[in-house]
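Notes for the one structure printed next.
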Amino acid sequence: MIIDCHGHYTTAPKALEEWRNRQIAGIKDPSQAPRVSELKISDDELRETIEQNQLRLMRQRGSDLTIFSPRASFMAHHIGDFQVSSTWAAICNELCYRVSQLFPENFIGAAMLPQSPGVDPATCLPELEKCVRDYGFVGINLNPDPSGGHWTSPPLTDRLWYPVYEKMAELDIPAMVHVSTSCNACFHTTGAHYINADTTAVMQLIQGDLFRDFPTLRFVIPHGGGAAPYHWGRYRGLAQEMKKPLLKDHILKNVFFDTCVYHQPGVNLLTSVIPVENILFASEMIGAVRGVDPETGHYYDDTRRYIEAARNLTDDDRYRIYEGNARRVYPRLDAALKAAGR
């Protein structure tokens, strides 16, 4: 199988965005606030958005299953209060669940959490549990910066986050560390803020000793790990100066990187520097980079081409990147696949 660990519902029906705009307007003018029941999206509408977009490209590119979560830039945890985020997260997660029910062979869910700046992350646990226990989701997206580019939260190693980690350990699920929209003009959302956050998460984990307390905790760092794999000598050297163990012992038993790197030299470097057992296939198709590369004539986010063309990889390496590692990092995914005879 080819399992894409990083997919978002970026093509949701327009009614979702319209409802969200009304919700945001209702923050200042409660008379504008919509009821959840006013959002009407039929199964046929969901089918159309998926069949003409993600599923069509999956079939063209040869991938089998996508771990599917709400649109990252729409999470926008900095907007409103916890109640606003809670309602919005529940709506978005339910839509991903419905997609997974309509296309059970092709999609399985990962949850958006109802995070809010300055609010205890423990408030996210009811939605997290619902998504895993009731919807069959296999992971979560964890935003290390709910403030939207202003970084008002403590590092991921701080005890503030421990309630989420305790629940992750209990349910045996990983988290993809994924920020949302930047409202800081200094940081372009997808070109800077996302990559900044990936890099920052890796450095925070190097500085701390989180995995002493949570030895089974697993994080997927998206977008190829931000800058980290491409400056691996810097991070090895910094860890050495901090008297930390070697990175292979300090973080690589718990930290994994995806292949959302949109050119061949980047994937070549990623797969040369980071151990193969720490790399998961991903494309984030119809996401941040949707165009065709004029140098190759292929879509930037058709990442399978890069894995196939990476000369340093063996067939066994490709199996682990495409399938084996995902089954190990996402045990609930593995169980769901085995239950379906896959």
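The values are calculated or read from the model by the stated rules, or taken from the named source; none is laboratory data. Note that the structure is a prediction, hence the values are computed from the model and not measured. No Cβ is skipped: glycine too gets one built from the backbone with ideal geometry, and neighbour counts run over all protein chains shown. Ligands, DNA and RNA are stripped out before the accessible areas are found, and what is left, the full protein with its side chains, is counted by its heavy atoms. Shrake-Rupley method; radii C 1.70, N 1.55, O 1.52, S 1.80 Å.
Is it true that some residue in segment 196-212 is over 23 Å from Gly109 (Cβ atoms), aromatic (Phe, Trp, Tyr) and part of a loop (DSSP other than H, G, I, E, B)?
For segment 196-212, residues over 23 Å from Gly109 (Cβ atoms), aromatic (Phe, Trp, Tyr) and part of a loop (DSSP other than H, G, I, E, B): absent.
For segment 287-312, name all the residues that are farther than 15 Å from Val276 by Cα, open to solvent by less than 90 Å² (accessible area, probe 1.4 Å), of a type outside the set (Phe, Trp, Tyr) and in a loop (DSSP other than H, G, I, E, B).
Residues satisfying the conditions are Gly287, Ala288, Val289, Gly291, Asp293, Thr296, Gly297, His298, Asp301, Asp302, Thr303.
Would segment 220-233 turn up any residue that is in contact (Cβ under 8 Å) with a residue 12 or more places away in the chain and either acidic (Asp, Glu) or more than 30 Å from Tyr300 (Cβ to Cβ) (or both)?
Within segment 220-233 (the criterion being in contact (Cβ under 8 Å) with a residue 12 or more places away in the chain and either acidic (Asp, Glu) or more than 30 Å from Tyr300 (Cβ to Cβ) (or both)), the answer is no, since none of the residues qualifies.
If I ask for residues that are open to solvent by 30 Å² or more (accessible area, probe 1.4 Å) and within 20 Å of the chain's Cα centre (by Cα), which ones from segment 198-217 would you list?
Hits for segment 198-217 are Thr200, Met203, Thr216.
So, in segment 137-167, exactly how many residues are surrounded by fewer than 16 Cβ atoms within 10 Å (Cβ to Cβ) and either touching a Gly at 6+ places or on another chain (Cβ under 8 Å) or of a type in the set (A, V, I, L, M, F, W, C) (or both)?
2
What residue, among those in segment 7-43 that are among the small types (Gly, Ala, Ser), in a helix (DSSP H, G or I) and without any contact (Cβ under 8 Å) to a residue 12 or more places away in the chain, is nearest to Phe74 (Cα to Cα)? I'd like the intermediate steps shown before the answer.
Going residue by residue through segment 7-43, those that are among the small types (Gly, Ala, Ser) are 7, 12, 15, 25-26, 31, 33, 37, 42.
Remaining after also requiring in a helix (DSSP H, G or I): 15, 25-26, 31, 37.
Narrowing the set further to residues that are without any contact (Cβ under 8 Å) to a residue 12 or more places away in the chain leaves 25-26, 31, 37.
Details: Ala25: 15, Gly26: 17, Ser31: 23, Ser37: 20 Å.
Only one residue tops the list, namely Ala25.
I'm trying to understand the selection: among the residues of segment 137-167, which are more than 15 Å from the chain's Cα centre (by Cα) and hydrophobic (A, V, I, L, M, F, W, C)?
Within segment 137-167, Trp151, Leu156, Leu160, Trp161, Val164 meet the criteria.
Within segment 324-340, track down each residue that is surrounded by fewer than 20 Cβ atoms within 10 Å (Cβ to Cβ) and either farther than 23 Å from Asp134 by Cβ or in contact with a Leu (Cβ under 7 Å, 6 or more places away or on another chain) (or both).
Selection gives Gly324, Arg327, Arg328.
When residues of segment 87-110 are filtered for being surrounded by fewer than 20 Cβ atoms within 10 Å (Cβ to Cβ) and over 20 Å from Asp44 (Cβ atoms), how many remain?
2
Regarding segment 227-245, can at least one residue be identified that is open to solvent by less than 60 Å² (accessible area, probe 1.4 Å), within 21 Å of Arg71 (Cα to Cα) and modelled with pLDDT of 95 or more?
Taking every residue of segment 227-245 in turn, none turns out to be open to solvent by less than 60 Å² (accessible area, probe 1.4 Å), within 21 Å of Arg71 (Cα to Cα) and modelled with pLDDT of 95 or more.
Looking only at segment 114-136, count every residue that is without any contact (Cβ under 8 Å) to a residue 60 or more places away in the chain and either open to solvent by less than 40 Å² (accessible area, probe 1.4 Å) or part of a loop (DSSP other than H, G, I, E, B) (or both) and tell me the total.
So the count comes out to 15.
State the number of residues belonging to segment 56-75 that are touching a residue at least 40 places away in the same chain (Cβ under 8 Å) and under 23 Å from Arg318 (Cβ atoms). Even if it seems obvious, please write down each step before you answer.
Initially, segment 56-75 is screened for residues touching a residue at least 40 places away in the same chain (Cβ under 8 Å), giving 57-58, 61-75.
Applying the additional criterion that residues be under 23 Å from Arg318 (Cβ atoms) yields 57-58, 61-68.
Number of matching residues: 10.
For the subset of segment 47-66 comprising residues that are under 21 Å from Tyr330 (Cβ atoms) and of a type in the set (Ser, Thr, Tyr), which member is surrounded by the most Cβ atoms within 10 Å (Cβ to Cβ)?
Thr66
Here are the criteria: (1) out of contact with any strand residue (DSSP E or B) (no Cβ under 8 Å at 6 or more places or on another chain); (2) over 21 Å from Arg327 (Cα atoms); (3) touching a residue at least 40 places away in the same chain (Cβ under 8 Å). Tell me which single one Ala185 does not satisfy.
Ala185 satisfies every listed condition except (3).
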